[in-house]
Amino acid sequence: MNTMLQKPDVLMPSPQETELATQSSRLLARHAPDELRVDVGGEKLILPKAVVSLLSKILTEMSNGNAVTIIPIHAELTTQEAADYLNVSRPHLVSLLESKAISFTRVGTHRRVKFLDLQAYKKKKETDSEAAMAELTEQAQKLGMGY
């Protein structure tokens with residue numbers, strides 16, 4: 001399994017780490033560099049703009065007290081990892097897979113779900129939900145329900 005996905009313990013940032021992340025996030029946001037130069041043991045390390053952007057997002061989440069996990073877009077997740085990402089039960093996820101709502105592959109008897117497929121499913125569900133909410137709002141307005 002991909003080592004970036006092996007997360008036996010999700011560690012929440014301590015209050016001190018949250019405060020440090022807040023300060024770092026604010027400093028980074030004020031300067032918004034194209035690249036970040038860091039002194040590591042007397043050597044200069046240059047981080048590219050994409051890393052600076054990602055670091056800024058990580059620091060923002062940590063400053064809110066949230067743990068952060070990085071998942072490569074090409075990753076294949078177990079059914080439990082996929083269910084956790086969608087915030088559904090594993091049995092519900094398996095039913096989504098079996099009904100072909102989300103594609104998957106089999107590795108022996110185990111199902112694997114591509115992260116990109118999960119993202120696409122999640123985005124479609126969010127879009128469908130927003131459209132349904134807009135339709136309900138429109139109906140409520142036509143009926144004079146005060147929305």
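All of the numbers you see were taken from the coordinates with simple rules; none came from a lab. Predicted model, so just to flag it, every value in this text is computed and none were measured. Every residue, glycine among them, receives a Cβ derived from its backbone with ideal geometry; neighbour counts consider all protein chains shown.
Structure data summary
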quantity	calculated
Separation between Cα centres of the stretch 110-131 and the stretch 60-76, rounded to whole Å	18 Å
Residue order, fewest to most surrounding Cβ atoms within 10 angstrom, among Thr69, Thr22	Thr69, Thr22
Sparsely packed GluC sites (Glu not before Pro) within the stretch 23-84, loop by DSSP, other Cβ within 10 Å at most 12	Glu35
Kirkwood Rh and Cα Rg combined as Rg/Rh, the stretch 76-142	1.14
All lysines inside 26 Å of Lys122 as judged from Cα atoms, apart from same-chain residues fewer than 8 positions distant	Lys7, Lys57, Lys100, Lys114
Average Cα contact separation per residue, the chain, under 8 Å, 6 or more apart, as relative contact order %	19 percent
Ranked Val38, Val51, Val68, criterion: other C-beta atoms within 10 Å, fewest first	Val38, Val51, Val68
Surface/4 of the Cα convex hull for the chain, nm²	14.2 nm²
Percentage of interatomic Cα-Cα distances in the stretch 10-63 larger than 16 Å	46 percent
